[in-house]
Each structure stands twice: as structure tokens, then as C-alpha cells.
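Since the structure comes first, as C-alpha cells, the remarks are kept for the end.
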Amino acid sequence: MSIPSFVIGIAGGTGAGKTTVSRTVAETVGEAVTRIPLDNYYEDLSHLDYEERAEVNYDHPDAFEWELLRDQLDSLLMGQPVEMPQYDFEVHNRKDERVTVEPSDVIVLEGILSLFDEQVLEMLDLKVYVMTDADVRILRRIERDVIDRGRGLEGVIDQYLETVKPMHEQFVAPTKKNADVIIPEGANRMAVDLLVEKVEAELAPGDPEEDDRTFPLEVGEERPTRVDLESTNRSDD
């Protein structure tokens, strides 16, 4: 494998399609890709009882253990394995066991605030923001939390209105400005194919100086600092 790895950050609102995009990249490219879910780095709240943990605002940046994430990303970039924490959404806390993650050619960090932390941003080679309309995202959120995570419908809706939506507007949506690529409507096929093409190009042998572009250039531009793949008439929230 190459050292350091090529690191992609994929951010976006809850239910936007981040996980679908990251899984598609990982499944298409294969074993050369390691997925790092940001959710695994929620703070350890073992000192709180269940009722107290249920009241925590998990959409605020303070809910994450950023120092641990930075340290483990740095270790992976140096070619060293890490013991990644695991998170249990049903009890709002970390699991006792950790998973050994080996370094790989490509690392994908995926989560609502993957493009938030300045030090993490410096470790990312490609920054992606996934945009999907708010009404679609809330429906996906309800389906996921009620069916997959065993939560009550009323509680999911209350949480969305009280913390998820305002935190998205205050902290998540502004990170779009940090993105190199914006993918509209979740797993947009063309955009995901371009992302996979970029990853595969990073894995291909050859002189990296032969093609150092991020994505195909826009007409009339000498070199883009960002490629915007969203429709001009779409908005996020």
C-alpha cells in the first residue's frame, strides 16, 4: 500500500446519502478502501445513565472525541493499525469492544461533520459534501431510526426539530464551503462514478505528476479549486 494513504472526507446532513456514497466507493474499489464512520467517535458517555445519554445533543461538534479521531487518522496515515471504537445507537454509548483497522491505500471518513474540524481537514486529500433536500432527509432519518435503531417515532421527530435541524443549519451546512466536490441528491450516479474514477486513478501505478487534477475541468477555467456538481435550482434545507 501507499504511505500516506489517500484520504477522502464525505460530509452532509442526516439522511443525505453519505453512507451510500462511501459504501459504493468502497464496494467498487474493493479491499484498498477503509471506511471510517465518524459516528464511532462519539464521546464515551459511560459515566451517564441511559436517560441522561438520551438527552445529549449528538449533532453538536462537542459530541465527538476529535482528539482520538485525529490521533487514529494520523496513525493510519503513518501506516500503523488502530483500535477503532464502535458505537451502539440503541443505548447511546460506545460498545466495550473495538475493531482493529489496518491502514489501506484509500481511507474514507464519513459523517455529518467530516469537514468541520480544521486539523482533520488538513489530513483530507479530497473533501466531498452530499446534498439532499430536507424533506427527503427527514423521511430517511425516520425510517433509519425507527426501523434500524429501534427508536420511537415521536422521539425521532422531536429530536429532529429540537437538535438535528438547528445543528445542521448552524454547523453542518456551513461546512459545504470546505468541499472540493458537491454531490446532489445523495448517490448521484454521475458524481459517484467520478468519485470512483478519482479513487481508482490514485491507486493506479504511474507518475502522479502526469495527472494531478481533482476532477475534469470546467469550460473556461484553467484550474478549479472546487467542482460543483449540484443543480443550480437546488438548495439544502
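Annotations
- Among the conditions (1) crowded, with 17+ Cβ neighbours inside 10 Å; (2) at pLDDT 80 or above, the only one that Arg189 does not satisfy is (1).
- Across the range 34-65, the number of residues qualifying as under 23 Å from Pro4 (Cβ atoms) and either out of contact with any Leu (no Cβ under 9 Å at 6 or more places or on another chain) or not hydrophobic (A, V, I, L, M, F, W, C) (or both) comes to 6.
- Hits in the range 151-195 (condition: among the charged types (D, E, K, R), in a helix (DSSP H, G or I) and in contact (Cβ under 8 Å) with a residue 12 or more places away in the chain): Lys165, Glu169, Lys176
- Flag if Glu31 is farther than 21 Å from Glu169 by Cβ and outside any loop (DSSP other than H, G, I, E, B): no
- Restricting the first member to the range 30-46 and to residues that are under 18 Å from Asp62 (Cβ atoms), and the second to residues that are part of a helix (DSSP H, G or I), the beta-carbon pairs closer than 7 Å and six or more apart or on different chains are Tyr41/Leu68; Tyr41/Leu69; Tyr42/Ala63; Glu43/Ala63; Leu45/Arg53.
- Across the range 35-75, the qualifying residues are those that are in a loop (DSSP other than H, G, I, E, B) and in contact with a helix residue (DSSP H, G or I) (Cβ under 7 Å, 6 or more places away or on another chain), and the one among them that is nearest to Val108 (Cα to Cα) is Glu65.
- Consider the range 53-78 and keep the residues that are surrounded by fewer than 14 Cβ atoms within 10 Å (Cβ to Cβ) and modelled with pLDDT of 95 or more. The one that is farthest from Phe171 (Cα to Cα) is Asp71.
- Test: residue in the range 125-133 that is more than 16 Å from Gly13 (Cβ to Cβ) and either not in a helix (DSSP H, G or I) or not aliphatic (A, V, I, L, M) (or both): yes
The values are calculated or read from the model by the stated rules, or taken from the named source; none is laboratory data. Because the structure is a prediction, the values reported are computed rather than measured. Using ideal geometry, Cβ is built from the backbone for each residue, glycine included, and neighbour counts are taken over all protein chains shown.
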